[in-house]
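Peer 1: The structure under discussion is supplied below as structure tokens; questions concerning it will follow.
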Amino acid sequence: MKADMMRRIFVSVLVGVVACSTAKAQVEEETPVWFGPAIGSVDMLQLFSDSATWETARSEIDVFQFLTHHVNSWPCFGSLCSTNVLSNLVAIQAFQRLEDWGIEIAIEGAGILPQTPFGSPANCALERQTAVQNAFNWTADAINNVYANGGTVDHIAIDEPIRRWYAPIYPPGQGPACQTDSLPLIAEMVASFITQMNSAAPWISIGQIILYPELDVDGIQEYVIALEQLGVTLDFVHLDVHGLRIIDYAGPVYGRVTLAQLRDDLQELKSFFAARSIPFAPILIDLSFTYQAFLFGEYTDEHYYEGAIDWIHQVDSAMGLPDRLVFESWARPQYIDTNLIHVTTPINLPENDTTVFSHTRLVNEGIAILRPPQSCCVGTTGNVDGSSDDVASLVDLIRLIDYLFISYTPLVCEAEADTDGSGDVGLPDLSRLIDHLFVSTSPTASCL
């Protein structure tokens with residue numbers, strides 16, 4: 001159905017609105033995993049040509065996020081994207097492969113950008129209107145390009161529109177000419193963009209990336225409420241925590257909040273968004289990359305990996321499992337770079353080499369920390385046949401004998417057969433189960 005509609009939408013860069021109704025895309029995982037490689041990562045294309053090198057991570061990833069730079073019709077700025085541009089993605093059938101793998105596609109959309117620099121005369125009402133229309137057209141172009149080449153865009157993450165316009169973020173004398181102190185005014189622009197996109201492509205879920213602590217908890221709540229008053233509810237919120245503003249990392253000169261305050265704020269935001277049924281998640285990155293590269297001018301994949309693992313543990317401690325796991329990077333080896341080049345950190349592949357600090361390896365490790373696998377064995381062992389009563393019986397003994405000596409048919413839960421708690425299943429477990437059922441009736445080992 002989505003494909004049929006897409007044929008009727010986005011015929012050119014100026015998008016025609018089509019009246020239609022269909023459900024928005026929703027990933028089925030209870031805690032979906034999003035993955036967005038660094039925009040210029042040197043092996044991003046290899047993700048689509050060498051799928052065996054990230055098989056585990058790929059099986060866990062529900063949403064693959066491109067930036068509009070990757071999929072727009074016009075050239076990427078400078079060497080920002082490296083070779084990760086539309087023509088190469090099309091040549092390697094990237095969008096079709098994601099469809100074949102059952103991975104949904106997201107676009108980190110244009111950020112509703114102001115065009116007039118500080119100090120220049122401007123018609124701010126027209127500036128805001130133009131910014132919304134430009135963002136809509138850029139995003140529509142990206143959606144059309146994905147569809148025309150075998151894929152369908154299911155999600156749009158609006159890239160930090162508040163940061164582009166909110167005056168308190170900028171030092172005096174800097175920022176756009178039409179910056180504003182009014183969060184409701186920024187909400188009007190975002191609501192206009194979402195309303196237009198919902199009319200044109202109602203299956204797409206539309207959320208937002210919000211910069212913290214430049215916008216504090218009170219500001220985030222004020223902004224979300226302002227959107228609601230305009231009849232718009234975000235489909236998700238991803239929090240971009242700015243490491244350079246965390247005192248524990250960057251010190252008091254650059255920092256604004258401590259890690260302790262950040263943890264408290266995560267808890268408050270989790271409750272706020274949960275009350276509104278809006279999925280909320282901090283982006284899982286290395287918070288230290290900005291100040292490390294900015295202050296020291298040197299940065300590696302290992303720096304990124306270790307810093308991201310540290311942040312993942314902080315998130316786990318502060319709020320437990322987020323509503324989704326969002327792995328994304330915009331790090332570069334050297335931060336002081338006016339041409340915005342070399343946004344390459346970290347490398348993506350392979351996932352299983354402990355000497356390589358790759359992004360897919362980070363995905364696997366992060367999932368293990370935040371969403372550890374649940375054991376199929378609960379309480380005590382012995383329910384070898386996996387019956388609903390979870391009680392060991394003669395049927396379980398027969399099933400274990402069959403597994404060990406007759407058909408060797410795999411067990412539904414091997415941990416339940418480890419009745420002696422050794423970590424392996426063998427003849428001692430059979431003896432222990434016989435003892436439990438017919439001799440001493442002593443309990444079998446607890447589940448490991």
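The values are calculated or read from the model by the stated rules, or taken from the named source; none is laboratory data. From a predicted model like this one, the values you see are computed outputs, not experimental measurements. Every residue, glycine as well, gets a Cβ built from its backbone with ideal geometry; the counts of neighbours run over all protein chains shown.
Peer 1: Taking helices (runs of 4 or more DSSP H) that fall entirely within the range 217-317, which contain at least 1 residues that are among the polar types (S, T, N, Q) and crowded, with 20+ Cβ neighbours inside 10 Å?
Peer 2: Once the helices (runs of 4 or more DSSP H) in the range 217-317 are filtered for at least 1 residues that are among the polar types (S, T, N, Q) and crowded, with 20+ Cβ neighbours inside 10 Å, what remains is 289-296.
Peer 1: I need the full set of residues from the range 348-376 which are of a type in the set (A, V, I, L, M, F, W, C) and touching a His at 6+ places or on another chain (Cβ under 7 Å), in order please.
Peer 2: Within the range 348-376, just I369 meets the criteria.
Peer 1: For the range 69-91, how many residues are surrounded by fewer than 16 Cβ atoms within 10 Å (Cβ to Cβ), outside any helix (DSSP H, G or I) and hydrophobic (A, V, I, L, M, F, W, C)? Give the derivation first.
Peer 2: To start, the set of residues in the range 69-91 that are surrounded by fewer than 16 Cβ atoms within 10 Å (Cβ to Cβ) comprises 73-75, 77-79, 83, 87, 91.
Keeping just the survivors that are outside any helix (DSSP H, G or I) gives 73-75, 77-79, 83.
The next check asks that each one be hydrophobic (A, V, I, L, M, F, W, C); those that pass are 74, 77.
Looking only at that region, the number is 2.
Peer 1: Tell me, which helices (runs of 4 or more DSSP H) wholly within the range 338-438 include 1 or more residues that are assigned by TED's automatic domain parsing to the domain that holds T56?
Peer 2: Here the list reads 359-370.
Peer 1: Within the range 119-141, is even one residue at pLDDT 95 or above, of a type outside the set (G, A, S), within 19 Å of the chain's Cα centre (by Cα) and surrounded by fewer than 23 Cβ atoms within 10 Å (Cβ to Cβ)?
Peer 2: No - not one qualifying residue is present in the range 119-141.
Peer 1: Identify the residue in the range 311-370 that is aromatic (F, W, Y) and under 24 Å from F48 (Cα atoms) and, among all such residues, is modelled with the lowest pLDDT.
Peer 2: Among them, the one singled out is W330.
Peer 1: Please specify each residue of the range 192-205 satisfying the condition of being touching a residue at least 40 places away in the same chain (Cβ under 8 Å), surrounded by fewer than 20 Cβ atoms within 10 Å (Cβ to Cβ) and under 14 Å from V132 (Cβ atoms).
Peer 2: Q196, S199, listed by residue number.
Peer 1: Would you please name the residue that is surrounded by the most Cβ atoms within 10 Å (Cβ to Cβ), looking only at residues in the range 155-167 that are touching a residue at least 24 places away in the same chain (Cβ under 8 Å) and in a helix (DSSP H, G or I)? If you could, list the steps in order and put the result at the bottom.
Peer 2: Keep residues of the range 155-167 that are touching a residue at least 24 places away in the same chain (Cβ under 8 Å), which gives 155-166.
Still in the list and also in a helix (DSSP H, G or I): 161-165.
Values: P161: 27, I162: 24, R163: 19, R164: 21, W165: 29.
Looking at the filtered set, the residue picked out is W165.
Peer 1: Name every residue in the range 98-107 that is in contact with a helix residue (DSSP H, G or I) (Cβ under 9 Å, 6 or more places away or on another chain) and assigned to a strand (DSSP E or B), in order of residue number.
Peer 2: Scanning the range 98-107 gives E104, I105, I107.
Peer 1: Name the residue, out of F35, F48, F95, F66, that is assigned to a strand (DSSP E or B) and touching a helix residue (DSSP H, G or I) at 6+ places or on another chain (Cβ under 7 Å).
Peer 2: Values: F48 fails: assigned to a strand (DSSP E or B); F95 fails: assigned to a strand (DSSP E or B); F66 fails: touching a helix residue (DSSP H, G or I) at 6+ places or on another chain (Cβ under 7 Å).
Being assigned to a strand (DSSP E or B) and touching a helix residue (DSSP H, G or I) at 6+ places or on another chain (Cβ under 7 Å) holds for just one of F35, F48, F95, F66, which is F35.
Peer 1: Another question, then. Please go through the range 108-134 and pick out each residue that is among the charged types (D, E, K, R) and part of a helix (DSSP H, G or I).
Peer 2: Our first condition is that a residue be among the charged types (D, E, K, R); within the range 108-134, this holds for 108, 127-128.
Scanning the range 108-134 gives E127, R128.
Peer 1: Looking at E104, E99, E127 in this structure, which one is under 19 Å from P161 (Cα atoms) and of a type in the set (D, E, K, R)?
Peer 2: None of the others qualify; the one that does is E127.
Peer 1: So, of the residues in the range 415-434 that are within 43 Å of the chain's Cα centre (by Cα) and not charged (D, E, K, R), which turns out to be nearest to T444 (Cα to Cα)?
Peer 2: My answer is T419.
Peer 1: Being closer than 30 Å to R97 by Cα and without any contact (Cβ under 8 Å) to a residue 24 or more places away in the chain, is that true of even one residue in the range 173-181? Quick ask: steps written out before the conclusion?
Peer 2: Applying the first criterion (closer than 30 Å to R97 by Cα) to the range 173-181 yields none.
No: zero hits.
Peer 1: Restricting the range 24-65 to residues that are among the charged types (D, E, K, R) and either touching a Pro at 6+ places or on another chain (Cβ under 7 Å) or farther than 28 Å from F77 by Cα (or both), which is modelled with the lowest pLDDT?
Peer 2: E28
Peer 1: While we're on this one: Can we say V412 is surrounded by 14 or more Cβ atoms within 10 Å (Cβ to Cβ), more than 35 Å from the chain's Cα centre (by Cα) and of a type in the set (V, I, T)?
Peer 2: no
Peer 1: Something else: Could you grab me the full set of residues in the range 55-104 that are touching a Leu at 6+ places or on another chain (Cβ under 6 Å) and under 24 Å from Q208 (Cα atoms)?
Peer 2: F64, V71, L80
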